[in-house]
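Worksheet: the structure to be examined is printed underneath.
The values are calculated or read from the model by the stated rules, or taken from the named source; none is laboratory data. Worth saying up front: this structure is predicted, and the values here are computed from it rather than measured. Note that we place each Cβ from the backbone using ideal geometry, even for glycine, and neighbour counts take in every protein chain shown.
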Amino acid sequence: MRVTDGLGTIRERLAGNNAIAQTLSMVDNYLTRAQGTDASAPSLTHLVRMLMRTPEAHKNSGIYNDLALLEEQLNDASAIMMAERAREEAKPIPKDKKFYKAERAREQAIKDKTQ
């Protein structure tokens, strides 16, 4: 994910969470710094954690709390998606007619050998 896209998404989510103005301006500052670069980050959560380690976040507990709330929301959404993905993978997939026919043939072969 590109850092500029990620920071834009983070800003939108912070605005949706009614974050304080200092938090939004801090994200805007980092967004303008990242405009000229082609930097990337593994995930939104990683970007939020990086923002939580900035000097601005350490100086102002309101900024830190806004970012911590966003991190918690992202972690919860991630856990829900992982659980849903696991549930989808655990669904039994119906076997085709060919599988059952071969299984009957194997069972019949074993039965014929024992007799």
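Worth a mention:
- Spans of helices (runs of 4 or more DSSP H) in the range 1-97 with at least 3 residues touching a residue at least 40 places away in the same chain (Cβ under 8 Å): 3-16, 44-52, 61-90
- Any hit, the range 40-47, residues being modelled with pLDDT under 95 and loosely packed, with under 10 Cβ neighbours inside 10 Å: yes
- Criterion violated by LEU69 - all others in (1) within 25 Å of MET1 (Cα to Cα); (2) modelled with pLDDT of 90 or more; (3) over 25 Å from the mean Cα position of the chain (by Cα) satisfied: (3)
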